[in-house]
Structure formats: structure tokens, C-alpha cells
1. For residues that are under 14 Å from the mean Cα position of the chain (by Cα), crowded, with 24+ Cβ neighbours inside 10 Å, in a helix (DSSP H, G or I) and away from the ligand (no atom under 12 Å from the Cβ), tally how many sit in the range 307-331.
2. Run VAL294 past the list (1) within 9 Å of the ligand (Cβ to nearest atom); (2) under 25 Å from PHE516 (Cα atoms); (3) part of a helix (DSSP H, G or I) and report the number of the one that doesn't hold.
3. So which residues in the range 557-567 are modelled with pLDDT of 90 or more and either in a strand (DSSP E or B) or crowded, with 24+ Cβ neighbours inside 10 Å (or both)?
4. If PHE354 passes every condition in (1) open to solvent by 10 Å² or more (accessible area, probe 1.4 Å); (2) within 22 Å of ASN566 (Cβ to Cβ) but one, which one does it miss?
5. Test each condition in (1) crowded, with 21+ Cβ neighbours inside 10 Å; (2) within 20 Å of VAL292 (Cα to Cα) for ALA364 and report the one that comes out false.
6. Looking at (1) more than 10 Å from the ligand (Cβ to nearest atom); (2) aliphatic (A, V, I, L, M); (3) modelled with pLDDT of 85 or more, can you tell me which one ILE282 breaks?
7. Can you tell which of LEU374, LEU398, LEU388, LEU379 is more than 26 Å from the chain's Cα centre (by Cα), within 15 Å of the ligand (Cβ to nearest atom) and touching a residue at least 40 places away in the same chain (Cβ under 8 Å)?
8. For LEU186, which of the numbered conditions (1) away from the ligand (no atom under 13 Å from the Cβ); (2) more than 19 Å from ILE328 (Cα to Cα); (3) among the hydrophobic types (A, V, I, L, M, F, W, C) fails to hold?
Amino acid sequence: MPGVGSDKQLPASETALSTPYTAPTSYTVPTAAAVVKPTIVTPSASSVKATVGFLEKEDTVVKKQTPPVSPLPSKKPGDAGGLKLKVSVANSPRSSPKTVQQQTNVKKAEGAVGGMDVRDGDNAGREMAGSNLRSAVEMMGLEGDEGTIQSSVNSMKPVATPKSKSKASRLDVMAEYSKRHGDKELLNLVVIGHVDAGKSTLMGHLLYQLGSVNKKTMHKYEQESKKLGKSSFAFAWVLDETEEERTRGVTMDVAQTRFETDKKIVTLLDAPGHKDFIPNMITGTSQADVAVLVINATRGEFETGFDAGGQTREHALLARSLGVGQVIVAVNKMDTIDWSQERYQLITKKLGQFLTRQAGFREADVTFVPCSGLSGENLSRPPAVPELVAWYTPATTLVEQIDKLRPPVRPIDKPFRLNVSDVFTRVGSGFNVAGRVGSGFVQPGDKVIIMPAAMTATVKNVFIDDAPEAVAFAGDQVNITLSGVDMVNVNIGSCLCDPSSPTKSATRIRAKIVIFNIAVPITKGFPVVFHYQSINEPAVIKRLLSQLNRSTGEVVKRKPRCLVKNSSAVVEIELERSLCLELYTDFKDLGRFMLRSGGHTIAAGLVEEIVQSKMRQNGLS
Ligand SMILES: Nc1nc2c(ncn2[C@@H]2O[C@H](COP(=O)(O)OP(=O)(O)OP(=O)(O)O)[C@@H](O)[C@H]2O)c(=O)[nH]1
């Protein structure tokens with residue numbers, strides 16, 4: 001079958017490094033039609049406990065750029081859901097689809113850290129999945145066991161910060177919040193997995209089965225993909241929208257859309273699997289509550305994805321480190337192995353051990369589903385293939401598993417934060433920003449401070465899925481019309497925040513990090529790429545302050561000379577330019593970051609302290 005199991009490689013010319021840094025952008029196609037209103041859920045005490053600290057986060061970039069000016073493209077008939085958004089870390093104007101070159105600029109940034117080419121990774125980490133990783137993950141408060149999670153994060157419990165009183169007086173926010181808490185729960189779900197595992201096909205087919213894509217559009221995709229000799233990618237085209245993605249059969253950006261099940265309204269983020277686009281995958285995953293990890297069950301292909309160099313482990317570890325607490329493993333392409341129970345059991349056993357023992361997921365938060373994205377078996381309808389029905393009992397479909405996922409706690413009682421993922425003008429409403437509300441809530445009429453420019457602006461309108469709203473809460477993807485500030489003061493990566501509690505802008509931070517399975521130890525001056533939300537920024541590990549016991553977090557050595565694989569430490573990191581960052585103790589979901597080097601993820605970290613802050617440097621304000 002075409003495409004099955006092929007390891008898609010991009011031509012070298014397209015992955016070559018040439019420019020040192022790219023700012024993120026996003027691509028939004030809101031529409032008045034088929035608007036799906038999100039429902040915010042107040043989780044039960046048990047779900048709160050089980051999801052300590054695992055909340056979605058926001059895009060941030062600190063890079064001066066000319067804001068693109070473009071009207072919003074209109075929705076195409078048959079597009080899934082009411083909103084389709086491409087989230088990426090490339091620097092194209094928001095209204096243009098990403099090109100391979102733009103996408104690979106991310107990699108260029110990594111290769112050019114500190115003026116040093118670290119692409120080949122000779123001095124960088126190789127594999128994340130070390131045998132001792134579990135204890136490292138535990139130290140980060142990511143331990144699967146609930147009790148241990150609690151004790152691990154006790155020392156860094158978020159501090160409740162007061163919400164803006166002026167806002168609360170204008171609208172009974174909690175009443176509004178409860179009103180929106182309808183029957184359906186809102187979930188942000190990222191689809192991850194090794195390249196070619198079938199992520200886009202699986203989700204495209206699911207969207208089709210759920211009626212989010214009409215027959216006419218699907219027929220069009222079938223015809224057009226056939227013409228290109230890529231008929232097996234027809235369902236993937238639902239999510240892979242750009243010409244480059246379709247002709248190459250490679251997802252490059254994170255595609256965002258929505259679908260509804262009986263119990264959930266799901267914001268779906270389809271992440272790229274190719275290793276060149278890990279920064280984009282991080283962007284998407286940092287906004288997710290839960291994940292579907294897609295596995296290619298084909299003989300030899302599961303092994304390739306799971307073994308050293310495959311993205312299965314890296315994606316799972318990244319997701320866990322970025323706060324995703326629940327994962328559904330979709331064991332896909334079961335049709336290629338004749339629905340073999342034996343093979344399914346082998347895969348679920350190996351992955352189950354890895355996810356719970358090394359990646360730090362709780363056993364109860366890992367579920368498995370056998371399916372075929374291509375044939376549509378066991379996605380939204382109970383299986384009918386006799387070979388599967390024979391042993392898969394009781395049968396649970398992918399949608400039923402999604403319905404069982406718990407929504408996270410939305411930090412609406414925290415000060416307002418929105419990291420800007422897009423800046424644009426809109427016909428009829430003027431200057432807009434897009435992004436996800438990271439914490440708190442926002443209403444038309446609110447005054448906000450834009451950081452790091454430190455400018456005040458007024459919120460004129462708040463839109464969710466292109467419909468005006470009286471208030472938007474943490475977790476909502478919004479477009480906000482601003483007035484009282486010049487557009488040049490707002491960039492992708494700027495943070496809109498509550499004037500009574502503005503965000504911090506950092507150039508140097510103290511952070512607790514867990515180091516993955518790196519090949520070369522980290523020493524003072526080690527260049528890294530700092531990934532925070534949707535941005536990536538060159539940085540340097542300036543000081544190694546202490547090495548920690550991976551299990552207890554106690555200091556075992558002060559001022560170590562180097563940090564080896566699978567260890568944990570407190571370090572000082574200097575950022576090339578200032579970033580709007582949050583402390584993990586204040587905003588647990590906004591205080592996490594990843595470090596990469598040489599194209600590999602080498603560590604996950606928590607921001608403990610802003611050591612140095614520069615508000616106006618490098619033309620950022
Ligand atoms: N036989 C079979 N082929 C599948 C199945 N799911 C996907 N494929 C094929 O696998 C190939 C890759 O599918 P995609 O959906 O593009 O995979 P992906 O994981 O989204 O790829 P990237 O995002 O680029 O990593 C296509 O040729 C699909 O038709 C399946 O369940 N069975």
C-alpha cells in the first residue's frame with residue numbers, strides 16, 4: 001500500500017540551515033458557519049487531583065517582526081468544524097500557508113545556536129528514553145503515581161493570585177462560566193506519533209465519520225489525491241491542507257480543528273511526526289490537555305518508531321514533560337497485520353511499560369485502541385471486521401475512549417494571560433490578536449498590558465470561533481480586537497496580561513531541569529534552543545548551580561562541573577532575547593519549557609526564578 005510505513009525524508013536542500021531564527025505564526029480560518037461553542041468544565045475533585053499541573057499552555061514569541069496585515073480567509077465548504085488553525089513556529093505571514101523552507105527555519109535556528117553549528121548533535125543529546133528516565137521524570141513532578149505526584153510538586157505548588165476585581169464587577173463571571181459548562185466537556189487533544197504512523201489519516205477519517213467533513217468534499221479529496229498518485233492520503237488531506245503537505249504526504253504544521261462527540265467538544269491538534277518538525281509538535285502539544293499517540297502496527301514499522309531514533313518515545317516524553325497527563329494509544333494500521341491479537345498484545349505490552357515506567361504516565365491514564373485509520377475500523381463505530389471482533393471484547397471505539405478522558409482544571413481564578421500567536425487586521429474590526437487564554441478571563445472593555453512592550457490597550461471585542469463573546473476563559477482560543485495601542489507594539493509572542501499583575505519578562509532564569517539521554521554531558525556555556533509554548537529562542541546554560549537527587553529532589557552536589565544523561569539539576573539559563581515567562585509556582589502550566597540541541601530534545605524544565613529581566617532590548621518593545 002502506498003505510503004504505508006515509508007519513512008518520509010525531506011530533500012536535504014529543504015532542511016538545510018540558513019537563517020538563525022524564525023518567529024512563530026499561525027493561520028486561522030474562523031467562520032460564522034458551523035460555529036462550535038466551547039464548553040468549560042469545572043472538574044471533579046478527583047480529576048483535579050489526578051491532573052495536577054497538566055494544563056494547556058500558550059504561544060509565546062519574543063521577536064520583533066512586522067505584523068502581517070491580511071483579512072481572514074473564509075472557510076471552505078466541508079472544512080472540519082468551525083475553525084481550522086495552523087499553529088506553527090515558522091515565520092510566514094499568517095494568511096499564507098507554510099512552506100517547507102519556512103518550516104525548516106525552525107531547524108535552522110537550532111543549528112545556529114550561539115554561532116555554533118550543533119546540527120549534527122555531536123555535543124548534544126541523542127535519545128530521550130534512558131533507563132533512568134523514570135526517576136528523572138518523577139523529580140519533575142510527572143510521576144505516574146498520584147501520591148508521588150503530590151509529594152514531588154509540593155515544594156512548587158502554584159500560589160493563588162488574585163483575579164482582577166474590576167472585571168468581576170462588570171459581569172458575574174462565575175455565573176457565566178457555569179452557564180458555559182453545558183453537557184459537553186471541552187478538551188484540547190493533540191495527535192502525536194512517529195512519521196507516517198497514520199495520524200492525519202486517522203483523524204481525517206474520524207472527522208468524516210462524525211460528519212465534520214461532507215461527502216462532496218471527501219469525494220473531491222479522493223479525486224485530487226488520486227490525480228497526484230497519492231490516493232491513500234485522501235483522508236489525511238482533511239487536515240493536511242497546504243500544497244506542500246499534500247504533494248509530499250508530510251504533515252509540517254499543527255492543524256487545528258474541532259469535533260464533537262456525545263460527551264465532549266474536542267479541539268483537535270494534529271501534530272507533524274517528522275523529526276524535522278518537532279518544534280511544531282512542541283507548539284501543538286504545549287496547548288493540549290490530552291494526547292492520542294498513534295502507533296503503526298505494521299511489522300517492522302512499530303519497531304522503527306519505537307526504537308532509537310524513532311519519534312514514538314520522543315513524542316510521548318515530550319507530551320508528558322509538557323503537562324499532558326492522559327494518553328490514548330491508537331494501535332493503527334491493524335489491517336496490515338490481519339488484526340492480529342498477538343501483535344497487538346506485544347505492542348501494548350512494550351508501550352505500556354515504556355509509558356508508565358519511563359515516561360511517567362499513570363497506568364490508569366494510558367488506554368489502548370486497535371484501529372485502522374484507512375478503513376475507519378473502530379474509530380466511531382464498533383468494530384465489524386470478524387478477525388478483530390473475535391478477540392477484541394469488550395470493544396471500545398476511539399471515540400468512546402475520548403469520551404472517557406477527563407478535562408483539566410482551567411485556571412480562571414488566576415490573573416489574565418494571553419500569549420499572542422497571531423497579529424492581524426480584520427475587515428470591519430481593525431487590529432486583532434489571536435491566541436489562547438492561558439489563565440484568567442477577558443471581557444470587552446478590559447484594559448490589558450502588552451508585554452514586553454509595557455503598553456496599555458483596551459479590549460474592544462472578544463471572538464471565539466468568529467462569534468462575539470461577553471467573556472473568554474482560560475483554555476479558549478480567541479481573537480481579540482484591541483484599541484488604544486499601535487499595532488507595531490504587539491508581536492507574535494507578546495503577552496496580554498492583567499494590568500494589576502503583569503507577566504515577567506526574562507533574559508536569565510533559574511530553572512530545574514531533567515536531562516534526557518544525552519550523548520555528551522552539559523557543561524557551563526552549553527548552547528541550547530529554548531522552547532517555550534510556540535517559540536524557540538537561542539539560549540545558553542550559563543551556570544550549573546546544583547545537581548539533584550532524581551527521586552527526592554535534594555541537592556547532591558553544588559556547582560557540578562557537568563551534567564550527565566538522565567540526571568537532574570538546577571541551572572541558570574541565559575536567553576538571547578527577553579521572553580515573557582511565568583514561574584512554575586505561579587502558573588504551573590505556563591512555567592514549563594523544553595531544551596533542544598542539535599535537533600534533539602535534551603531536557604525538560606520548570607522556571608523557578610527570573611534572575612534577570614530586560615524589558616526593552618534588541619528592539620523588542
Ligand atoms: N494500511 C493502512 N494504511 C494507513 C492507515 N492509516 C494511514 N495509512 C497510510 O499511511 C500513510 C501515512 O499516513 P498519514 O496519515 O499521512 O500519516 P501521518 O502520521 O499523519 O504522517 P506525518 O504527519 O507526516 O508524520 C498514508 O499512505 C496512509 O494511507 C491504516 O490504518 N492502514
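The values are calculated or read from the model by the stated rules, or taken from the named source; none is laboratory data. What you see is a predicted model; the values in this text were computed from it and never measured. Cβ sites come from the backbone with ideal geometry, for glycine too, and all protein chains shown count toward neighbours. Protein only, heavy atoms only, side chains kept; ligands, DNA and RNA dropped before computing areas. Shrake-Rupley method; radii C 1.70, N 1.55, O 1.52, S 1.80 Å.
1. So the count comes out to 6.
2. Going through (1) within 9 Å of the ligand (Cβ to nearest atom); (2) under 25 Å from PHE516 (Cα atoms); (3) part of a helix (DSSP H, G or I) one by one, VAL294 breaks only (3).
3. Within the range 557-567, LYS557, ARG558, CYS562, LEU563 qualify.
4. In the conditions (1) open to solvent by 10 Å² or more (accessible area, probe 1.4 Å); (2) within 22 Å of ASN566 (Cβ to Cβ), PHE354 misses (1) alone.
5. Status for ALA364: all satisfied but (1).
6. (3)
7. One residue alone meets the criteria, LEU388.
8. (2) is the only condition that LEU186 fails.
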